[in-house]
Amino acid sequence: MTLNSSSVDRIFDVSALVSAEDWAWHQRALDFGHHHLHPHIDNDFDAKHFRHEIVSQLGKSGFLGMHIAGYGCAGASATAYGLVCHALEQVDSGWRTLVSVQGSLAMGAIAHWGSEAQKEEWLPRMARGEVLGCFALTEPEGGSDPAAMTTFARRDGSDWVLNGTKRWIGLATLADVAILWAQTDDGVRGFIIPTDTPGFHAAEITNKLSMRASVQCEITLTDLRLPDSARLENALGLRGPFTCLTEARYGIAWGVMGAAKSCLDVAVERATSREVFGRPIGANQLIQAKLANMLVEYQKGMLLALHLGTLHDVNELTPAQVSIGKLNNVREAISIASQARSILGGDGITSDFPVMRHMANLESVRTYEGTDEIHTLILGRELTGIPAF
Ligand SMILES: Cc1cc2nc3c(=O)[nH]c(=O)nc-3n(C[C@H](O)[C@H](O)[C@H](O)COP(=O)(O)OP(=O)(O)OC[C@H]3O[C@@H](n4cnc5c(N)ncnc54)[C@H](O)[C@@H]3O)c2cc1C
């Protein structure tokens, strides 16, 4: 990741397409990544270390829940949020994931579906990074079909009693609070669960070969008792979690282009500095063709993200449009990372370069928040009116 503009920035000047205020957010996030994340990321990925202390620094910088208005949040535009995701994911998808989980999923659920008292209780502290949240929707038996969830909240007098298992939940062993979705007698409901509540247990999934500088967990709920005041007051049905997922998927469409840019910058640099057969490898048409294709897909992906941002900022963004962004941009980011890896030759598989790390991370991003197949089926349903899930 470089702070100075690269030849990619010269050819495609994103700053010319956004407001000065939104661009300033991007620059601040690039600077944050450069100083706080980049120096450690290779070691952290190797050691499977999550740098917990960074969370409060992200909060101080205003990045957590930054597009929520009021309650101590920055109230920035959706485009600014996207540009921050892009900057953080230039370093590592794990850090953009944290901002997505905290801001779009956990805080987003409270901001969208919580009562006034719940917003006031949780959002200011979460924006400052004093309280870390997680978002628990997926279950072990098939994350693609949340309607099949078996975690159940039973009414017991004025309380709720929850039992069940959630899998792949980001940050759950470290989180202070979980936004957890459970089936009830009258549909899916969301609950705000302090993680020190008796009956809450989280265990880290430790054998990951992707997102190694980030934490994902399995949660078990055993007769966990909550007062009714812990229920997200306005959420009933799968619209609750899906609204939060749309918001997070929007950020992903921007973020993965950051990982792609990191790979493209490295590939251009290597193409001009590495000499084989007595000349830079970038002097070969086959290498230039790869670089040109990567640039074309990067620019298309960024224009798509900018378009989604513009729609979001005037409240006209639809879930299907977000599916287009998530599906296309993750797919193309993976392709760009793979082509960059080939241009780097053998060195491309080492941690001397960020490319293999991005490739491994992007496989997670392809899977979470709706797999390629699920977004394809969402778009197929949109076109035909026929659900084919
Ligand atoms: C790093 C990481 C972080 C995550 N963070 C969170 C989190 O914070 N909170 C949370 O709730 N979840 C989280 N998840 C879970 C994630 O959302 C799920 O992994 C995802 O929804 C897919 O579910 P699954 O892994 O059970 O795959 P499955 O649902 O078992 O799917 C397996 C394969 O079958 C395909 N498939 C399924 N149904 C169909 C169909 N009808 N037609 C065609 N193909 C189909 C899928 O596309 C996929 O390729 C995370 C996952 C990862 C890897």
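Counting only helices (runs of 4 or more DSSP H) wholly contained in region 279-389, the ones carrying 3 or more residues that are within 16 Å of the ligand (Cβ to nearest atom) and not charged (D, E, K, R) occupy 319-343, 355-367, 372-384. In region 294-309 there is no residue that is in contact with a helix residue (DSSP H, G or I) (Cβ under 7 Å, 6 or more places away or on another chain) and under 26 Å from His40 (Cα atoms). Name the single residue that is farthest from Ala178 (Cα to Cα) among those in region 127-138 being touching a strand residue (DSSP E or B) at 6+ places or on another chain (Cβ under 7 Å), more than 8 Å from the ligand (Cβ to nearest atom) and not β-branched (Val, Ile, Thr). This residue is Ala127. Looking only at residues of region 206-237 that are of a type in the set (S, T, N, Q) and under 21 Å from Leu171 (Cα atoms), we find that the one that is farthest from the ligand (Cβ to nearest atom) is Thr222.
Here the condition is being on the phi < 0 side of the Ramachandran plot and out of contact with any His (no Cβ under 8 Å at 6 or more places or on another chain); of Asp223, Asp176, it holds for Asp176 alone.
Can you tell me which residues in region 206-251 are β-branched (Val, Ile, Thr) and assigned by TED's automatic domain parsing to the domain that holds Gly325? Residues satisfying the conditions are Thr243, Thr246.
Listed here are the residues, each with its yes/no results for (1) hydrophobic (A, V, I, L, M, F, W, C); (2) surrounded by 14 or more Cβ atoms within 10 Å (Cβ to Cβ); (3) under 22 Å from Asp42 (Cβ atoms).
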{"position": "Ala289", "(1), (2), (3)": "yes, no, no"}
{"position": "Arg341", "(1), (2), (3)": "no, yes, yes"}
{"position": "Leu344", "(1), (2), (3)": "yes, yes, yes"}
{"position": "Met356", "(1), (2), (3)": "yes, yes, yes"}
{"position": "Ser364", "(1), (2), (3)": "no, yes, yes"}
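Residues in region 142-158 that are within 13 Å of the ligand (Cβ to nearest atom) and touching a helix residue (DSSP H, G or I) at 6+ places or on another chain (Cβ under 7 Å) were compared, and the one that is farthest from Leu238 (Cα to Cα) is Gly142.
When each of Val177, Val84, Val161 is tested for being away from the ligand (no atom under 13 Å from the Cβ) and either modelled with pLDDT under 95 or under 25 Å from Thr206 (Cβ atoms) (or both), the lone residue that passes is Val177. Residue count for region 1-33 satisfying the condition of being in contact with a Leu (Cβ under 8 Å, 6 or more places away or on another chain) and free of Cβ contacts under 8 Å to residues at least 40 places away in the same chain: 2.
If the condition is being assigned to a loop (DSSP other than H, G, I, E, B), more than 14 Å from Val131 (Cα to Cα) and either aromatic (Phe, Trp, Tyr) or open to solvent by 60 Å² or more (accessible area, probe 1.4 Å) (or both), then region 39-62 contributes Pro39, His40, Lys48, His49, Phe50.
The values are calculated or read from the model by the stated rules, or taken from the named source; none is laboratory data. Because the structure is a prediction, the values reported are computed rather than measured. Positions of Cβ are backbone-derived with ideal geometry, glycine not excepted, and every protein chain shown enters the neighbour counts. Protein only, heavy atoms only, side chains kept; ligands, DNA and RNA dropped before computing areas. Shrake-Rupley method; radii C 1.70, N 1.55, O 1.52, S 1.80 Å.
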